[in-house]
Amino acid sequence: KKSLFSTAKADGEKDVGWLQFRGTIKTLSHSVTPQWSSKKYFGRPDSVHTYASFGQNFSFSFQVYAASRGDMKSMYEDINTLVSMTKPGWEKESYMVAPVTELTIGDYVKDQPGFISSLSISPDEQLYNSLKFSKNTVVAKKLPRAFNISITYTVIEKEIPNANGKAIWETDTIKGWL
């Protein structure tokens, strides 16, 4: 099953399961951002640099669409679930629980822990006319049947970052392709 998101509870157990979209990935990028601090000392013309931290994220966009009127309800429910993955949960109604998820995009990224740091949802210009019959009245509604979604996903490292440690991609995954 090639899905996009899985939610996780604070204790690491799976929560709601997989959220899968019918859609097309349009863009995908992986950014690695080492952080350095610089300090200038009196009498020294150059700066002294100290390695401070390491982070990485995935930015991607995709389009979701309803192929038929019957698919619209589940598409809207999935988009609402995606939005809810940016909000905290509550434990005993007083302790906030961070919305940690796992990201899978085909064989490119598998079960990568992290969180959605940015989510943008834009309706496409395609409209789907939906007729609703209610007590001898026909109510016409126009709802978008396609959305463009952009996400920035901040990676939570599976192990302490180390130049000799594991990367995002396991070389065993691509060995059969080469």
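The values are calculated or read from the model by the stated rules, or taken from the named source; none is laboratory data. Quantities reported herein were computed from a predicted structural model and do not represent experimental measurements. Heads up, the Cβs are rebuilt from the backbone with ideal geometry, glycines too, and the neighbour counts pull from every protein chain shown. These area figures cover heavy atoms from the full protein model, side chains too; ligands, DNA and RNA do not enter into them. Shrake-Rupley method; radii C 1.70, N 1.55, O 1.52, S 1.80 Å.
Given labels modelled 7 Å from the Cα in the Cβ direction, how far is it in nm from Ser53 to Asn164?
2.6 nm
Measuring from label point to label point, each 7 Å out along Cα→Cβ, what is the Asp46 to Asp111 span in nm?
Between Asp46 and Asp111, the simple spin-label model gives 4.5 nm.
Ordered by residue, what ³J(HN,Hα) values in Hz, to whole numbers, does segment 75-81 give under the Karplus form 6.51 cos²θ - 1.76 cosθ + 1.60, where θ = phi - 60° and Gly and Pro are x?
For segment 75-81, the Karplus-derived couplings read 5, 5, 5, 5, 5, 4, 5 Hz, x marking Gly and Pro.
When the solvent-accessible surface of protein heavy atoms is calculated with a 1.4 angstrom probe, in what order do Phe62, Phe21, Phe115 fall, highest first? Could the numbers behind the result be given before it?
Details: Phe62 10, Phe21 30, Phe115 80 Å².
Descending order: Phe115, Phe21, Phe62.
Given a 1.4 angstrom probe, I'd like the percentage of the accessible area of segment 32-95 that is carbon and sulfur, rounded to a whole number. If you can, show how the numbers build up before the last one.
Working: 2420 of 4530 Å².
Solvent-exposed carbon and sulfur of segment 32-95 make up 53 percent of the total.
Counting only C-alpha contacts under 8 Å and six or more residues apart, can you give the relative contact order of segment 42-118 as a whole percent? Working shown, then result.
On the way: 47 pairs, mean separation 12.1, N = 77.
Value for segment 42-118: 16 percent.
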